[in-house]
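The values are calculated or read from the model by the stated rules, or taken from the named source; none is laboratory data. Note that this is a predicted model, so its numbers are computed, not measured. In this analysis, Cβ positions are derived from the backbone assuming ideal geometry, glycine residues included, and neighbour counts consider all displayed protein chains. Ligands, DNA and RNA are excluded from the accessible area calculation, which covers all protein heavy atoms including side chains. Shrake-Rupley method; radii C 1.70, N 1.55, O 1.52, S 1.80 Å.
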Amino acid sequence: MDPVLFALFVATALASLFMAWVIGAGSSGATPFAPAVGANAIGTMRAALLVGVFGFVGAVTQGGNVSEAVGSGLVGGMSMPVAGVILVLVLGAGLMAVGIVTGYPIATAFTVTGAVIGVGLALGGTPVWSKYQQIAAVWVLTPFVGGGIAYAIASLLPRPDVPERYSIPVLVGLVSAVLVNIEFGFLGGETSAGTLREVGQQILAVDGRASGFVVTGGVAVGVAAVVWWDVGRDQHGGLQRVLLALGSLVAFSAGGSQVGLAVGPLIPLLKDVETVSMVAVLVGGGLGMLAGSWMGAPRMIKSLAQDYSSLGPRRAISALVPSFLIAQLAVLLGVPVSFNEIVVSAIIGSGAAVGGWNAVDARKIGMTLGAWAGSFVLSFVLAYAAGAMVM
């Protein structure tokens, strides 16, 4: 291997590692457990520890789809050069670092996507309009879908005619049904991913769509039964355990989605550095996110948990269910999505359902919306200008 090429790859990998650290310290490290911290179900430092671990696992097992999209699906007609990759990572990480210092959640997906498109177009690439339309649809619909689902769940849980001993198990059962049908890279063959449902079918020596429904339904009913028993014997403790389990699933999903924003720009370089595999890149990105979560996430966790809404366990559960569902849809589609946008929208929806708009900070929400929109525009403009002038 050319020593110069290898040295450039190492420099780029270090920039990617820094980006992964910033992501772990910011959006993916803060948002999954912010509702649980706001509901006093877990302490801030313990939340940072758990989100780092589950985020790492999600990055390694589910990070491939979004990484491929960010690396090669946003700009056509070209392969990003090493200098362009470094520029993308530095710009994205710099804007994220500003968000961490100021305490306002800058959307990682917006900054990295804007930077990749800006640099790519400046270097002569062509727009991939079909992918842009898909990304825009997810970004625009997320606040309405996530906030709407959270509002509906939070409106349902306090009702006396819908006892929580039954409503909570139903919700968890639905989440379990989704979980057994999501794809994990390590469960498939060398060229495909697999699901827990397929593993169950193999163990039972059955095949076909009908058996898939039976396996999925069996898991959902079994998990719901356990939660029904737990909530029935200890309602407060049972709700907190459900909340922590959902936070762990959202942290896992954050790792699978957000690692692609850090390591995705490296993907075009792997064909020139054959000794480095995709798995190794995902592991490196996951470790960077884990370190960022442990070292820098507590500040953002406190900001989200305390400033956006006064959450109890029920509203926190209402926020985490749609967060998990939307995150897994984004991973399946290979769309870079902002976890700030997902979880914050769900927190607002759940808070408004029970406490009205007085339960949320309108000023904070307005500034956050401005930061989301501004982060994409600013990253695109800076990336395009830097790419045109420097390269």
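Within the stretch 22-39, does at least one residue satisfy the condition of being assigned to a helix (DSSP H, G or I) and open to solvent by 60 Å² or more (accessible area, probe 1.4 Å)?
Checked against the condition, which is being assigned to a helix (DSSP H, G or I) and open to solvent by 60 Å² or more (accessible area, probe 1.4 Å), the stretch 22-39 yields no hits at all.
I'd like the residue in the stretch 61-95 that is buried (at least 22 other Cβ atoms within 10 Å of the Cβ) and more than 16 Å from Ile117 (Cβ to Cβ) and, out of all such residues, is farthest from the chain's Cα centre (by Cα).
The selected residue is Ala93.
Where the second residue is open to solvent by 20 Å² or more (accessible area, probe 1.4 Å) and aromatic (Phe, Trp, Tyr) and the first is farther than 15 Å from Arg241 by Cβ and lies in the stretch 312-323, which pairs have Cβ atoms under 9 Å and are six or more apart or on separate chains?
Ser318/Tyr151
Test of understanding: among Ala330, Ala262, Ala291, which residue is crowded, with 24+ Cβ neighbours inside 10 Å, of a type in the set (Gly, Ala, Ser) and modelled with pLDDT of 85 or more?
The unique qualifying residue is Ala330.
Given the options Ala83, Ala59, name the one that is modelled with pLDDT of 80 or more and assigned to a helix (DSSP H, G or I). Quick ask: steps written out before the conclusion?
Numbers: Ala83 fails: modelled with pLDDT of 80 or more.
Every option except Ala59 fails the conditions.
Scan the stretch 342-361 for residues that are at pLDDT 70 or above and open to solvent by 30 Å² or more (accessible area, probe 1.4 Å) and jot them down.
Hits for the stretch 342-361: nothing passes.
Take the conditions open to solvent by less than 10 Å² (accessible area, probe 1.4 Å) and either among the polar types (S, T, N, Q) or more than 20 Å from Thr111 (Cα to Cα) (or both) and apply them to Thr12. Does it pass?
yes
Somewhere in the stretch 214-222, is a residue without any contact (Cβ under 8 Å) to a residue 40 or more places away in the chain, among the aliphatic types (A, V, I, L, M) and at positive phi?
Checking the stretch 214-222: not a single residue is without any contact (Cβ under 8 Å) to a residue 40 or more places away in the chain, among the aliphatic types (A, V, I, L, M) and at positive phi.
Could you list, ordered by first residue, the pairs with Cβ atoms under 8 Å in which the first is in the stretch 133-149 and within 16 Å of Gly73 (Cα to Cα) and the second is assigned to a helix (DSSP H, G or I) and not aliphatic (A, V, I, L, M), at least 6 apart or interchain?
If the second residue must be assigned to a helix (DSSP H, G or I) and not aliphatic (A, V, I, L, M), the pairs left are Ile135/Thr113.
Restricting the stretch 192-211 to residues that are in contact with a strand residue (DSSP E or B) (Cβ under 7 Å, 6 or more places away or on another chain) and of a type in the set (Gly, Ala, Ser), which is modelled with the lowest pLDDT?
Residue satisfying both the conditions and the ranking: Ala193.
Looking at Phe213, is it within 21 Å of Val175 (Cα to Cα) and open to solvent by 50 Å² or more (accessible area, probe 1.4 Å)?
For Phe213, the condition - within 21 Å of Val175 (Cα to Cα) and open to solvent by 50 Å² or more (accessible area, probe 1.4 Å) - is met.
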